[in-house]
Amino acid sequence: MNDTEMMKAAVFHGRNDIRVEEVARPRAGAGEAVIRITLTTICGTDLHILRGEYPVRPGLIVGHEPVGVVAELGAGVTGYEVGDRVLVGAITPCGQCHACLSGHLSQCGHGEGYEAIGGWRFGNTVNGAQAEYLLVPNAQANLAKIPDELSDEQVVLLADIASTGFGGAESGNIRIGDSVVVFAQGPIGLCATAGAKLMGATLIIGVDGDDTRLAMSRRMGADVVLDYRNLDVVAEVQKLTSGGVDVAIEALGTQQTFEDALHCLRPGGTLSSLGVYSGKLQIPYEALAAGLGDHRIVTTLCPGGKERMRRLMEVVRSGRVDFTPLLTHTFALDKIADAYQLFGSRADGVLKVAIKP
Ligand SMILES: NC(=O)c1ccc[n+]([C@@H]2O[C@H](COP(=O)([O-])OP(=O)(O)OC[C@H]3O[C@@H](n4cnc5c(N)ncnc54)[C@H](O)[C@@H]3O)[C@@H](O)[C@H]2O)c1
Ligand SMILES: [Zn+2]
Ligand SMILES: [Zn+2]
């Protein structure tokens with residue numbers, strides 16, 4: 001192979017072992033596209049992969065947050081040109097299976113019925129975005145053209161964390177005038193806070209234990225921030241809301257935050273859960289009024305597909321929200337190991353790292 005057939009990519013080899021290597025550049029088959037990555041980032045879920053907590057096959061290229069330029073279009077992909085700037089969601093639904101056509105794009109069944117988490121392919125079941133080039137499956141359903149006036153930095157966080165955070169607010173069915181608490185103000189929780197504001201919540205309470213993140217929580221729309229390290233958060237939320245919030249969003253994935261979120265709900269309230277859980281998750285019956293409190297618990301996997309991306313880009317283009325303050329650091333792809341180290345340590349006020357191939 002000559003140089004133009006090779007590319008650099010971050011390859012997962014095993015626990016705590018991701019290396020930038022030369023690998024074969026992908027080629028677009030029918031219905032596929034290859035994009036040249038211009039900007040990507042690292043997700044909390046990539047840390048779960050790196051630490052061996054979420055299994056993927058050794059040899060896989062990781063990452064699922066791609067911004068790039070169309071480099072090659074496979075047969076049957078129409079309405080695009082080589083050179084188009086595109087955003088691709090972390091979740092790439094096929095748009096044709098039973099699940100997709102029933103509106104459950106993230107649980108895409110790959111042509112069959114439903115498959116749990118089936119829409120999450122990049123850096124999970126197929127090669128991902130932390131590379132110079134990325135093969136996009138089901139390109140017709142997943143290439144979202146970026147409006148000229150938006151920069152890569154303005155859209156990169158829409159692929160996953162904004163879509164997920166907004167998804168948590170949407171699944172919670174927040175109504176104008178609602179009170180909302182958001183547990184954890186990491187990147188996902190911060191986007192859920194911004195989503196709650198967009199949807200018309202009038203009291204938004206952000207909970208975290210990190211001063212930088214609590215400050216960013218206010219910037220993203222929280223009216224009140226609570227530090228779980230030195231407060232009984234549930235009691236404080238009950239007091240602030242005279243008996244519980246309409247919607248509690250969980251954005252960490254632990255027993256503690258799940259339970260706290262449930263204990264903050266008013267009767268008839270909704271717990272909207274975004275965290276990735278491992279091990280056993282228990283529901284305390286008293287928080288559910290013994291099962292008779294008309295509570296709802298909903299979970300959400302990041303929504304994807306080009307129409308979702310188009311809508312999110314419109315939210316940014318119209319000036320309703322700006323996520324660029326969350327991109328706190330920038331690294332070259334060659335230095336991605338340092339980026340993982342910083343992102344994983346949460347040091348230096350890091351929220352999201354921009355990775356440039
Ligand atoms: N549902 C989805 O589609 C989806 C998509 C991407 C990520 N995720 C998951 O979302 C979760 C959050 O991701 P992230 O990158 O924002 O996380 P993160 O690790 O960057 O942030 C977690 C935050 O939780 C705070 N925290 C710790 N204990 C707390 C407590 N008891 N109460 C309140 N806050 C507490 C920490 O201070 C930190 O700021 C992860 O589990 C991730 O895997 C879900
Ligand atoms: Zn992710
Ligand atoms: Zn599908």
Only one of 298, 247 is at pLDDT 95 or above and farther than 23 Å from residue 117 by Cα. Can you tell me which? 247
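Looking at 139, 129, which one is away from ligand 2 (no atom under 16 Å from the Cβ) and either of a type in the set (Phe, Trp, Tyr) or in contact (Cβ under 8 Å) with a residue 24 or more places away in the chain (or both)?
Only one candidate passes the filter, namely 139.
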Residue check, residue 35 under 25 Å from residue 351 (Cα atoms), among the hydrophobic types (A, V, I, L, M, F, W, C) and in contact with a Leu (Cβ under 7 Å, 6 or more places away or on another chain): no
Could you check how many residues of the range 303-324 are closer than 16 Å to residue 39 by Cα and open to solvent by 10 Å² or more (accessible area, probe 1.4 Å)? 1
With 147, 93 as the choices, which residue is more than 13 Å from ligand 3 (Cβ to nearest atom) and either more than 28 Å from residue 337 (Cβ to Cβ) or polar (S, T, N, Q) (or both)? 147
Residue 342 being surrounded by fewer than 19 Cβ atoms within 10 Å (Cβ to Cβ), of a type in the set (A, V, I, L, M, F, W, C) and in a helix (DSSP H, G or I): yes
Filter the range 15-46 down to residues that are open to solvent by 20 Å² or more (accessible area, probe 1.4 Å) and touching a residue at least 40 places away in the same chain (Cβ under 8 Å), then give me how many there are. 16
Need the failing condition index for residue 286 against (1) touching a strand residue (DSSP E or B) at 6+ places or on another chain (Cβ under 9 Å); (2) over 22 Å from residue 163 (Cβ atoms), just the number. (1)
Selection from the range 121-144 of residues in contact with a helix residue (DSSP H, G or I) (Cβ under 7 Å, 6 or more places away or on another chain) and within 13 Å of ligand 3 (Cβ to nearest atom) yields 141, 142
Among the residues of the range 228-278, which ones are farther than 16 Å from residue 298 by Cα, without any contact (Cβ under 8 Å) to a residue 40 or more places away in the chain and surrounded by fewer than 14 Cβ atoms within 10 Å (Cβ to Cβ)? 229, 230, 231, 232, 235, 239, 242, 243, 256
Which numbered condition trips up residue 75, out of (1) crowded, with 19+ Cβ neighbours inside 10 Å; (2) under 17 Å from residue 29 (Cβ atoms)? (1)
From the set of residues in the range 268-315 that are assigned to a loop (DSSP other than H, G, I, E, B) and among the charged types (D, E, K, R), which is farthest from residue 53 (Cα to Cα)? 294
Boolean, residue 5 is open to solvent by 50 Å² or more (accessible area, probe 1.4 Å) and in contact with a Lys or Arg (Cβ under 6 Å, 6 or more places away or on another chain): yes
Of those in the range 57-72 that are away from ligand 1 (no atom under 14 Å from the Cβ) and β-branched (Val, Ile, Thr), the residue most open to solvent (accessible area, probe 1.4 Å) is 69
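If I ask for residues that are part of a helix (DSSP H, G or I), of a type in the set (Gly, Ala, Ser) and free of Cβ contacts under 8 Å to residues at least 40 places away in the same chain, which ones from the range 159-208 would you list? Outline the logic, then answer.
First, pick out the residues of the range 159-208 that are part of a helix (DSSP H, G or I): 161-171, 187-198.
The next check asks that each one be of a type in the set (Gly, Ala, Ser); those that pass are 162-163, 165, 167-169, 171, 189, 192, 194-196.
Matches in the range 159-208: 195 only.
The values are calculated or read from the model by the stated rules, or taken from the named source; none is laboratory data. What you see is a predicted model, and the numbers here were worked out from it, not measured in a lab. Here the Cβ is made from the backbone with ideal geometry for all residues, glycine too, and neighbour counts use every protein chain on show. When the accessible area is computed, the model is the full protein with side chains, heavy atoms only, and any ligands, DNA or RNA have been set aside. Shrake-Rupley method; radii C 1.70, N 1.55, O 1.52, S 1.80 Å.
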